[in-house]
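Input: a single structure, listed below in structure tokens.
The values are calculated or read from the model by the stated rules, or taken from the named source; none is laboratory data. Please read all numbers here as calculations on a predicted model, not as lab measurements. Every residue, glycine as well, gets a Cβ built from its backbone with ideal geometry; the counts of neighbours run over all protein chains shown.
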């Protein structure tokens, strides 16, 4: 943006323009200076100025919108009962849809629970949930009803005891879209939910894993809003140990049904030369 502003102000020296580059840029000033060489045609400069002014206008409108959201959050009743948020490690990078103000604490006060404690759910996702659902989920008797309303459950179509389709119901529910995006961000997460996503991905494929993980996130959100309980995070090691135990229990059950006993393998003793 500094280079573009300088060009629109009349600067044509490529060396001076390249000196305005961001220090994190992988290309040095010489490479950028060569890329800025060319003819400065009036129609191209006019188009650049139009795009620049539109960009500044949109950024101003986004800032005004975020300010309005911040004011609306401040008017909502405080349901946190004076509880304090647990400190979180701030990420160094900024995403394009990141809010222009610190929304985690206002959303926490409005909801009464910290949804951002769930891996994958950030402040803008919690804000979508607050705007679309609010704090009262009593209209959904169970978490299954809630997930079904979001369209995150298999749509079982059967005829004469023959299964025809299990494809999920299509829809444009904003909460479901936000939860799917949150689930997608867990693909490389070193957490229990990240491991769950990768296991589902190996069985159901990428799209199926997104739906299954979004379904699990929806269940966590429903439980927190319904009971007002804090989210208890499970470590990756705990999840893998529980998964291993569940697999062993299933194998033992199958072995007993076939008339066998599952015996763990004894470690081999070192041979003496």
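Listed by first and then second residue, the pairs with beta-carbon distance under 8 Å, at least 6 apart or on different chains, first residue in the stretch 139-154 and in the same structural domain as residue 214 (by TED's automatic domain parsing), second loosely packed, with under 15 Cβ neighbours inside 10 Å and not in a loop (DSSP other than H, G, I, E, B), are 153/144. Checked against the criterion of being at pLDDT 90 or above and more than 26 Å from residue 133 (Cα to Cα), the stretch 150-170 has no qualifying residue. The residues of the stretch 29-39 that are closer than 13 Å to residue 17 by Cβ and modelled with pLDDT under 90 amount to a single one, 38. Taking residue 212, is it on the phi < 0 side of the Ramachandran plot and assigned by TED's automatic domain parsing to the domain that holds residue 178? Considered against the rule, which asks whether it is on the phi < 0 side of the Ramachandran plot and assigned by TED's automatic domain parsing to the domain that holds residue 178, residue 212 comes out as yes.
Can you confirm whether the stretch 224-244 contains a residue that is crowded, with 19+ Cβ neighbours inside 10 Å and touching a helix residue (DSSP H, G or I) at 6+ places or on another chain (Cβ under 8 Å)? Yes, the stretch 224-244 has at least one match. For the stretch 40-61, the count of residues that are more than 30 Å from residue 123 (Cα to Cα) and assigned to a loop (DSSP other than H, G, I, E, B) is nonzero.
Filter the stretch 62-105 for residues that are in a loop (DSSP other than H, G, I, E, B) and closer than 30 Å to residue 7 by Cβ; which is modelled with the lowest pLDDT?
If we take residues in the stretch 62-105 being in a loop (DSSP other than H, G, I, E, B) and closer than 30 Å to residue 7 by Cβ, then 92 is modelled with the lowest pLDDT.
Helices (runs of 4 or more DSSP H) wholly in the stretch 172-273 with at least 2 residues that are modelled with pLDDT of 90 or more and within 15 Å of the chain's Cα centre (by Cα) - which ones?
Once the helices (runs of 4 or more DSSP H) in the stretch 172-273 are filtered for at least 2 residues that are modelled with pLDDT of 90 or more and within 15 Å of the chain's Cα centre (by Cα), what remains is 174-184, 192-227.
Among the residues of the stretch 129-153, which ones are within 19 Å of the chain's Cα centre (by Cα) and surrounded by fewer than 17 Cβ atoms within 10 Å (Cβ to Cβ)? Once the filter is applied, which keeps residues that are within 19 Å of the chain's Cα centre (by Cα) and surrounded by fewer than 17 Cβ atoms within 10 Å (Cβ to Cβ), the stretch 129-153 yields 131, 132.
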